[in-house]
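No value in this document is a laboratory result; all are computed from the given coordinates. Predicted, not measured: the structure shown is a model, and the values here were computed from it. Note that we place each Cβ from the backbone using ideal geometry, even for glycine, and neighbour counts take in every protein chain shown.
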Amino acid sequence: MAFARSGTAVDAAAGLSAGSTSNHFRTRDALFDALVVRISERERRNWDELARRAAPTTGAELAAILSMYAIQATSHHRCLTLGRYAILVESGSRPALRDQLLRTGAEVKHLGRALVAHNRVLRRWSGREPDHELLDRTGAAPAGHS
């Protein structure tokens, strides 16, 4: 895995001149932090593009969008998905990286909270208010319900 190797190995894998990685990221932790931010930004952009094209008005439409996102994540955006999983594996032995992932994950939880708290589709689909106890356990509870 290129992530766990030296800057020279990263340069070679990316087709860059020797020392390029070190010029931009002085430490391995700085490189990992940048990767987490970049992967998060790209995944968020991919979701936003998909959601803009098809704003769901029914539960079936919402399910279709979620399915399409999963299909894209394992096909067109496969390298991005593999990068995310490589970072997750690496975080098992790097506490600072794990902390960065938790911060990034908090942003995803915030989006989930907003979706559940404000999305008429989910309420119409389920016919009731969200199960806040379940959402608390998954980390997606709306603010004020934890």
Matching residues in the range 4-25 (without any contact (Cβ under 8 Å) to a residue 12 or more places away in the chain and under 22 Å from Thr104 (Cα atoms)) number 1
Could you check, for the range 46-54, whether at least one of its residues is among the aliphatic types (A, V, I, L, M) and assigned to a loop (DSSP other than H, G, I, E, B)?
-> yes
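Of all residues in the range 12-36, which are part of a helix (DSSP H, G or I) and within 16 Å of Arg94 (Cα to Cα)? Break it down into steps so the answer makes sense when it comes.
First, the residues of the range 12-36 that are part of a helix (DSSP H, G or I): 12-14, 20-24, 28-36.
Within the range 12-36, Arg28, Asp29, Ala30, Leu31, Phe32, Asp33, Ala34, Leu35, Val36 qualify.
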Within the range 14-32, identify whether any single residue is surrounded by fewer than 18 Cβ atoms within 10 Å (Cβ to Cβ), touching an Asp or Glu at 6+ places or on another chain (Cβ under 6 Å) and of a type in the set (Gly, Ala, Ser), and answer yes or no.
-> yes
For residues in the range 33-79 being of a type in the set (Lys, Arg) and surrounded by 12 or more Cβ atoms within 10 Å (Cβ to Cβ), which is nearest to Ser20 (Cα to Cα)?
-> Arg38
